[in-house]
Every structure is written in C-alpha cells, then in structure tokens.
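All remarks here apply to the structure that follows.
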Amino acid sequence: MTTLKAFKYRLYPTAQQQILLNKTMGCVRVVWNHNVEVFNNFDKNLTEQEQPLSTTQLKKKFEWMNEVSAAALQQKEMDFKTFKKNYFSKTRKKKIGRPCFKNRDSHQSYRLPNQKFTLNDSSIRLEKIGKVKLIVDRIVPVDCKFMSVTVSKNVCGQFFASVLVEMEIIHKPKTGKTIGLDIGLKTFLTGSDGLTVENPTYFRESQAELKQAQRHLSHKKKGSLRRKKATLNVARIHNNIVNQRKTFIHQITAKLVNEYDFIAIEDLNVAGMVKNHRLAKSISDASFAEFYSTLSYKAAWYGKEVVKVDRWFASSKTCSCCGWKNENLTLSDRIFECLVCGLKKDRDVNASENILKEALRVSSAIRTPSECQSV
Ligand SMILES: [Zn+2]
C-alpha cells in the first residue's frame, strides 16, 4: 500500500530570491484571477463565449510573466481546470461555491511538478529561483517518489516548501497491547493502563499572549502603521499556537500507534461541545478533532486499529468492574466509587477501561457475526 505524505520545510531565501518568489506567486495569481474572471463572465444568452487565455497567450500579453517558472503557471491553470470539472460534476456530494479572486492578502503559494525541483541535504532547487536554503528537520525516506512541491508564504512573510511524496507504508510491529482512552479537558488523555498525557501549559501561555496582542491591536487606529504591526504580531502568535498544537498531537499519536495495536476512543461530538462557551477555550486548545483525525490516519497507515465507541455510552458513570451505574455522578467527582462491588478508581481511568471494553465488544461483534447469531 502506498500513501501520499507531505514533508514541509521552512525556506530561507536570499533577498533576491524573495523578490522572485513573490513575483512567481503574483503571476500565478494573475493566471487564477484571469480564469475566474472569464468563468464568472459566462452568460447563457451570449452566442459566443469568451475563452480564457492559455498561460502561453498570457505570457505573450504580459511579458514580465516570462521571468517566472512556466511550470508554476501551468500548474495553476490545471488547478482551475480541476476546479471547473468538480464544479460541473454531477456526482459531487459537496457544494462548491463560485471561484474567488485571490489578492495579495490571501494565502500565497505555487506548485511545481517533480521535474522542476530537487531536494538536497540543505537546499531545494526550484525552477527559475535556484538553490534555496532550508533546514531538513525531517528526512524523506530514500525510495520515495517525488510528486510535487508547494512553495508558500504565510502572513508573517515566512516561506515554506511542502514536498509531496508517494511512499510505501510499512506496518509497525505488533505489540499485543490494547488501550482505552478517555479524553478530557484537564488531563488531555487518560489511558486504561494508567498512561496520562497532560495538556501542555504552553497552550495556556500562548493563549494569554494572544489575548493581550488582540487587545493591543483593538486600540490601534485603522490604516496606521502601528495597526499593521500589531496585526502581524497577532498572526505570528496564532501561527505559533497552531504549530505547537500540531507538534503535540503528532507526538502523542506517534507514541500511541507505536505502542498499541488496538486503540479505543470515545466518539465525542466536538462540534456540539464547542458551542458551550465556558468549555470552548479548553476544548479548542486540546483540539480533539485534530487528534482524532491524526490518530485515525496514522493507525490506518501503520496497520493498527482505532475503534470509536458511541458517545452516548455512559463511560464515566459505569463501574468498569461489575457494570453498576452511578447515575448521580457529577463532573466534580474525581474518584469513581462502586456501591455494589466496592471498586474505587480515578474517574478517568475507570472511564477509559469502559471505553476499551465497549470497543472490544463492538469490534468483536463486527468481526464474528456468525458467533453472535449462534449464542
Ligand atoms: Zn462495581
């Protein structure tokens, strides 16, 4: 089995390269916007429809477009064709809006096919730009097939290269271990075997920093240079938070798929929970949704199993030993005490044990239907 995987690196272009990168992104934008304009000019009453100019024709019209990579322009042209195909597809399930114009403030990027770039130890050679310095903090496995590279610039003016490769997935060795996970606000994760992962304190710290920066921004006059600076500062902190969260989630999910074969989690309805404002901040901090999706795809890659149990299943209220239900359990009860069998356990550990039990029950029912019928 193969999968597509992206390796993203921060780029350190020289001042001259930055100019060229910006120019390329600008030209790509022109290609996109031209196509959008023609698309939006469509009028069913007209007998002759305007056709968008090809990149070759655009280059004849705007000579400065010749300075940048032709492949980048062609890729954008292809993107629009794909968009158009999806837009008119009768089988598409998702609604697609009309195409939008891109301006300088929107996310800036361009893509090159695999023949137009080479990734080296400490640089990447991009067509028309040359060798751009980068730090390889993640190594692309040797036998990968390079597909494309997307060069992007964020609001803070930092450049990145995201290299897309097709790679063979090698299943992780089986450990024979299973775990149930209780996801919470205070402790990010409690495992049925006693594993605990706390919410990193830096989430809170960055959040406080963000709040202050936002307040700072709100006092600045519209259109002023100080406002521009303050906006950039907010964007920078926001960017940090996103990165911190990504790193955190990648670390725990990597540990989980390495150490366990079977992972049971509760299917919390994240969207429903975030509506509750008091909890909203912590929940978005913990970013359960991202955790779920990352864990699921990693498990699929490495041949491990993730089973979600119904969110209405009373994992916290049920005794993991005898099955008695404590209907009066409140959020403030940190210890679960069973009045029937006398079990006394940390609330989250008890819950995670129930989640594991339920997941094992559900998945074995799926696997062996014949056995279930004969009972
Ligand atoms: Zn009990």
Please list, ordered by first then second residue, the pairs with beta carbon atoms under 9 Å, 6 or more apart or interchain, first in the stretch 312-327 and more than 12 Å from CYS338 (Cα to Cα) and touching a residue at least 60 places away in the same chain (Cβ under 8 Å), second β-branched (Val, Ile, Thr) and more than 12 Å from the ligand (Cβ to nearest atom). SER315/VAL309; SER315/ILE355
ASN350 - would you say it is within 33 Å of the chain's Cα centre (by Cα) and within 10 Å of the ligand (Cβ to nearest atom)? yes
Residues satisfying the stated conditions in the stretch 295-325, i.e. within 16 Å of the ligand (Cβ to nearest atom) and either within 18 Å of LEU181 (Cβ to Cβ) or open to solvent by less than 30 Å² (accessible area, probe 1.4 Å) (or both): ALA314, SER315, SER316, LYS317, THR318, CYS319, SER320
If ASP348 passes every condition in (1) touching a residue at least 60 places away in the same chain (Cβ under 8 Å); (2) not in a helix (DSSP H, G or I) but one, which one does it miss? (2)
Answer with yes or no whether CYS341 is surrounded by 14 or more Cβ atoms within 10 Å (Cβ to Cβ), within 15 Å of the ligand (Cβ to nearest atom) and at pLDDT 90 or above. no
Within the stretch 12-41, residues part of a helix (DSSP H, G or I), within 29 Å of LYS84 (Cβ to Cβ) and open to solvent by 20 Å² or more (accessible area, probe 1.4 Å) come out as ASN22, LYS23, ARG29, VAL30, TRP32, ASN33, HIS34, GLU37, PHE39, ASN40
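The values are calculated or read from the model by the stated rules, or taken from the named source; none is laboratory data. As the structure is a prediction and not an experimental result, all values here were calculated from the model. Note: ideal-geometry Cβ built from the backbone for every residue, glycine included; neighbour counts use all protein chains shown. In case anyone asks, the SASA skips ligands and DNA or RNA and just uses the protein heavy atoms, side chains included. Shrake-Rupley method; radii C 1.70, N 1.55, O 1.52, S 1.80 Å.
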